[in-house]
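Working notes, beginning with the structure itself.
The values are calculated or read from the model by the stated rules, or taken from the named source; none is laboratory data. Bear in mind the structure is a predicted one, so any value in this text is a computation, not a measurement. Cβ: placed from backbone, ideal geometry, glycine included. Neighbour counts: every protein chain shown.
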Number of protein chains: 2
Amino acid sequence: MDDLDSAHPAGGNGATPRPRLEDVAARVGLSTASVSLVLRNVAGPSERTRRRVLKAAAELGYRPDRNASALASRRSRLLGVMVDIHSPFHAELVEHLHTAAEEVGYDLVLSTLTRTRDENMAFETLLAFRCEALILLGAVSPAHVLAELDRKAPAISVGRRIAEADLDVVRTADDDGVGQIVDHLVALGHRSIAYVDGGKGAIVTDRRRGYRDAMRRHGLDKRIRVLRGDITEAAGERAGRDLLDSGDLPSAVVAYNDQCAIGLLTALRRAGVEVPDTVSVVGYDDDALSRLACFDLTTVSQNAEEQARQAVAAAMERLERGRTTPREIVLAPSLVVRGTTARTR
Amino acid sequence: MDDLDSAHPAGGNGATPRPRLEDVAARVGLSTASVSLVLRNVAGPSERTRRRVLKAAAELGYRPDRNASALASRRSRLLGVMVDIHSPFHAELVEHLHTAAEEVGYDLVLSTLTRTRDENMAFETLLAFRCEALILLGAVSPAHVLAELDRKAPAISVGRRIAEADLDVVRTADDDGVGQIVDHLVALGHRSIAYVDGGKGAIVTDRRRGYRDAMRRHGLDKRIRVLRGDITEAAGERAGRDLLDSGDLPSAVVAYNDQCAIGLLTALRRAGVEVPDTVSVVGYDDDALSRLACFDLTTVSQNAEEQARQAVAAAMERLERGRTTPREIVLAPSLVVRGTTARTR
DNA sequence: TGACTAATTTAGAGCGTTTTAAGCGCTGTT
DNA sequence: AACAGCGCTTAAAACGCTCTAAATTAGTCA
């Protein structure tokens, strides 16, 4: 609207074109092949050549073109990651995926789920980038869709159990996690421990089972008490009110996740119930909320770093060592004791 | 480790190679040029040809190769976005950037900031992908670094005022936002309104100025009261205690951001001060926290959607209409009234 | 010195697209 | 008769890199 109207298709500003391999080569009087070798750190070129090439490249501000090199080498060295950009847990996973991928010489392409972008779109995007393997965080697509995707590029599902999955899965043992919570509470002297359920899905089932099994293990079969709940704060509040109304307050409550636990906490405190003095509360996920000083929630961490490492490792096995039979990697979650659990009085 | 050890460089599983343009062309007995035209929806090919090509492409499951097409067309149709993946506000921006970019036929590449990836790395990554323009969310690099980057590819800084910036900037008027808060409080009858400061930086200055100016505008010069604070919950708690200790509780407190406001809220409530009955509290940012039922914080929204739209629009002006002189786009933030503000008694 | 080997270097053919310019068999106009 | 134009199609040359195979140079030893 302001200045020259000459079409600037891809320049923006009248920038000089980026230097190419050829420009670097011309500058040192070598072939592009040699320059390519030096820049990729391949054995061959002499020490003297290396130095000269590196110097020239630096002077020119040369920056290799991913596209061209991917095309020529038939390797994109890209790992596609599907994430829910609103999830703090995914954020942490991505952080560790980055470092794990970097260590093996790969770069990440992120494709986010939004209100208008579903999982299929994310898959399309990642495939269009010619990612060599796909890491799917919290994928909810049916098993056969994932299996089909896996046929186009090795896919690894992180964080979700998939029955009869025909692809790699990396996850933590949710039943074990809840088991650890119950153990912790029992060790603190609690016997009357209630559980607020999640909505539905594989994870929900696993965590509930973890609660039941642990209670039985401690001989507390009769004290098993599962309240209806969901993954939201609101559901936690409702469960809290239900508990208060019942007139039979347990000494500890375990919630399906942190959000729900926080709702629960709010409801209890509002009613004048001291946490953890009167009732202990535990969540699950160790999300950012639980760390806030005003909640300081005891919870279970899903061990993002280890899950990320394993996911990348699984991708490498498929990509570089040709593994074809799917694997399921189940990690142990770890209890994070904070301020909402205390010894019974 | 399990099966065949034949190298599978980029296949993973023994997948059939992806169909190319040539395969589609062969299937309908046309040249790749025609197929390319049809697939890109370029005028020329006849209706009959279009149908046949589309059918064949669908049957083969053809998916164009971004790399090859970027290389050939010298246009990547990619917008690079630098984000802090841990920021909920960035998450929202990204969501809207996606839809805005899609509308103009561009795709997004995300490069995230982590503990081990600084802004320079993010820039490198985005440039290596040959992004046509860069959208930087909350960039803190010095102005000259950003200006230099802008020379390599049109760059747009979102959310941060940059003095003497030699690149496009999209942001909201922070002083105006705080001004709106003060107006709201005054309208509710408040006169004694304190402000808890942030740490340091351009935004902090703007918001503090907004507070001061608004107080003066309402003839409340004498009531101006700025407390030391920071961007954390802990800082908010400290400020809350300072306020309580001072023995001179204002009827309303405005905090630099939501985190700080929540700390403040916690400190006040813990001390038995009713919010909003005795003291009103306001935050800034409208982040996910403020919406939680247990806080229900009155705050100011930065209008992510509009900022995202403007950022993409600015990029398009540079890319497709050749604008070269930098612009600064300042949007008005909007007050979100929730439950922590009330009429004075 | 020449023959032979080892160490470097490079020509050139792709990679899967886009794009330019030319070509198809016509009709219509000078 | 020459040729410009029609609506469509296509051959072939890029794009910036990698990689194979072959060429060149340097080094060693009799």
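Would you confirm, using the coordinates I've provided, whether A:Leu60 is under 28 Å from the mean Cα position of the chain (by Cα) and touching a residue at least 40 places away in the same chain (Cβ under 8 Å)?
Working: under 28 Å from the mean Cα position of the chain (by Cα): no; touching a residue at least 40 places away in the same chain (Cβ under 8 Å): yes.
Considered against the rule, which asks whether it is under 28 Å from the mean Cα position of the chain (by Cα) and touching a residue at least 40 places away in the same chain (Cβ under 8 Å), A:Leu60 comes out as no.
Restricting attention to region B:89-105, does a residue exist that is more than 17 Å from the chain's Cα centre (by Cα), not charged (D, E, K, R) and not assigned by TED's automatic domain parsing to the domain that holds B:Asp286? Spell out how you get there, then give the answer.
In the first step, residues of region B:89-105 are kept if they are more than 17 Å from the chain's Cα centre (by Cα); the result is B:103-105.
Subset that is not charged (D, E, K, R): B:104-105.
Imposing the further condition that a residue be not assigned by TED's automatic domain parsing to the domain that holds B:Asp286 reduces the set to B:104-105.
Checking region B:89-105: at least one residue is more than 17 Å from the chain's Cα centre (by Cα), not charged (D, E, K, R) and not assigned by TED's automatic domain parsing to the domain that holds B:Asp286.
If a residue has to be surrounded by 23 or more Cβ atoms within 10 Å (Cβ to Cβ) and facing chain B (nearest Cβ under 10 Å) to count, how many in region A:79-91 make the cut?
If we filter region A:79-91 for residues that are surrounded by 23 or more Cβ atoms within 10 Å (Cβ to Cβ), which is where we start, we get A:79-83, A:85, A:90-91.
When the remaining residues are screened for being facing chain B (nearest Cβ under 10 Å), the result is A:81, A:83, A:85, A:90-91.
Final tally of qualifying residues: 5.
Within region B:46-77, which residues are within 11 Å of DNA strand C (Cβ to nearest atom) and of a type outside the set (Gly, Ala, Ser)?
B:Leu60, B:Tyr62, B:Arg63, B:Pro64, B:Asp65, B:Arg66, B:Asn67, B:Leu71, B:Arg74, B:Arg75, B:Arg77
Taking helices (runs of 4 or more DSSP H) that fall entirely within region A:253-345, which contain at least 1 residues that are touching a strand residue (DSSP E or B) at 6+ places or on another chain (Cβ under 7 Å) and away from chain B (no Cβ under 13 Å)?
It comes to A:304-320.
Against the condition at negative phi and surrounded by 22 or more Cβ atoms within 10 Å (Cβ to Cβ), how does B:Thr205 come out, does it pass? Walk me through how you get there before you give the answer.
Numbers: at negative phi: yes; surrounded by 22 or more Cβ atoms within 10 Å (Cβ to Cβ): no.
Considered against the rule, which asks whether it is at negative phi and surrounded by 22 or more Cβ atoms within 10 Å (Cβ to Cβ), B:Thr205 comes out as no.
How many residues, within region B:68-100, are outside any helix (DSSP H, G or I), more than 16 Å from DNA strand D (Cβ to nearest atom), of a type outside the set (A, V, I, L, M) and touching a helix residue (DSSP H, G or I) at 6+ places or on another chain (Cβ under 6 Å)? Reasoning before the result, please.
Restricting attention to region B:68-100, the residues satisfying the condition of being outside any helix (DSSP H, G or I) are B:74-87.
Filter once more, so that each one left must be more than 16 Å from DNA strand D (Cβ to nearest atom): B:79-87.
When the remaining residues are screened for being of a type outside the set (A, V, I, L, M), the result is B:80, B:84, B:86-87.
Still in the running and touching a helix residue (DSSP H, G or I) at 6+ places or on another chain (Cβ under 6 Å): B:80, B:84, B:86.
Final tally of qualifying residues: 3.
Name every residue in region B:101-138 that is part of a helix (DSSP H, G or I) and surrounded by fewer than 22 Cβ atoms within 10 Å (Cβ to Cβ), in order of residue number.
Pass one, region B:101-138, residues part of a helix (DSSP H, G or I): B:101-103, B:119-128.
Within region B:101-138, B:Glu102, B:Glu103, B:Glu119, B:Asn120, B:Met121, B:Glu124, B:Thr125, B:Leu127, B:Ala128 qualify.
Please indicate, with yes or no, whether at least one residue in region B:52-70 is away from chain A (no Cβ under 12 Å), touching a Leu at 6+ places or on another chain (Cβ under 9 Å) and not hydrophobic (A, V, I, L, M, F, W, C).
Yes, region B:52-70 contains a residue that is away from chain A (no Cβ under 12 Å), touching a Leu at 6+ places or on another chain (Cβ under 9 Å) and not hydrophobic (A, V, I, L, M, F, W, C).
Listed residues B:Asp221, B:Asp197, B:Asp213; which is farther than 17 Å from B:Thr299 by Cβ, modelled with pLDDT of 95 or more, of a type in the set (D, E, K, R) and within 29 Å of the chain's Cα centre (by Cα)?
On the way: B:Asp221 fails: within 29 Å of the chain's Cα centre (by Cα); B:Asp197 fails: farther than 17 Å from B:Thr299 by Cβ.
Testing whether each residue is farther than 17 Å from B:Thr299 by Cβ, modelled with pLDDT of 95 or more, of a type in the set (D, E, K, R) and within 29 Å of the chain's Cα centre (by Cα) leaves just B:Asp213.
Looking at region B:106-117, I want the residues that are in the same structural domain as B:Ile135 (by TED's automatic domain parsing) and without any contact (Cβ under 8 Å) to a residue 24 or more places away in the chain and have a partner that is surrounded by 22 or more Cβ atoms within 10 Å (Cβ to Cβ) and not polar (S, T, N, Q) with Cβ atoms under 7 Å, at least 6 apart or on another chain. Which pairs are those?
Between residues of region B:106-117 that are in the same structural domain as B:Ile135 (by TED's automatic domain parsing) and without any contact (Cβ under 8 Å) to a residue 24 or more places away in the chain and residues that are surrounded by 22 or more Cβ atoms within 10 Å (Cβ to Cβ) and not polar (S, T, N, Q), the close pairs are B:Arg117/A:His98.
Can you name the residue in region B:32-57 that is surrounded by fewer than 16 Cβ atoms within 10 Å (Cβ to Cβ) and among the aliphatic types (A, V, I, L, M) and, of all such residues, is farthest from the chain's Cα centre (by Cα)?
Taking region B:32-57 first, the residues surrounded by fewer than 16 Cβ atoms within 10 Å (Cβ to Cβ) are B:32-33, B:40-44, B:46-48, B:51, B:55.
Now drop any that are not among the aliphatic types (A, V, I, L, M), which leaves B:33, B:42-43.
Details: B:Ala33: 40, B:Val42: 34, B:Ala43: 37 Å.
Only one residue tops the list, namely B:Ala33.
For the list (1) more than 14 Å from chain A (Cβ to nearest Cβ); (2) of a type in the set (D, E, K, R); (3) surrounded by 18 or more Cβ atoms within 10 Å (Cβ to Cβ), I need the number of the one condition that B:Asp150 fails.
It is condition (1) that B:Asp150 fails.
Starting from residues that are more than 7 Å from DNA strand D (Cβ to nearest atom) and assigned to a helix (DSSP H, G or I), keep the ones in region B:25-46 and report whichever is farthest from A:Arg130 (Cα to Cα).
B:Val28
Residues checked against (1) surrounded by 22 or more Cβ atoms within 10 Å (Cβ to Cβ); (2) closer than 28 Å to B:Ser87 by Cα; (3) among the small types (Gly, Ala, Ser):
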residue	(1), (2), (3)
B:Gly199	no, yes, yes
B:Asp213	no, no, no
B:Tyr256	yes, yes, no
B:Glu274	no, no, no
B:Thr278	no, no, no
B:Asp285	yes, yes, no
B:Ser290	yes, yes, yes
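Taking the stated definitions as given, is B:Gln302 at pLDDT 95 or above, within 17 Å of the chain's Cα centre (by Cα) and either crowded, with 17+ Cβ neighbours inside 10 Å or under 30 Å from B:Lys152 (Cα atoms) (or both)?
no
Within the group A:Leu243, A:Leu319, A:Leu297, which residue is surrounded by 16 or more Cβ atoms within 10 Å (Cβ to Cβ) and not assigned by TED's automatic domain parsing to the domain that holds A:Gly179? Even if it seems obvious, please write down each step before you answer.
Working: A:Leu243 fails: not assigned by TED's automatic domain parsing to the domain that holds A:Gly179; A:Leu297 fails: not assigned by TED's automatic domain parsing to the domain that holds A:Gly179.
Of the residues listed, the single one that is surrounded by 16 or more Cβ atoms within 10 Å (Cβ to Cβ) and not assigned by TED's automatic domain parsing to the domain that holds A:Gly179 is A:Leu319.
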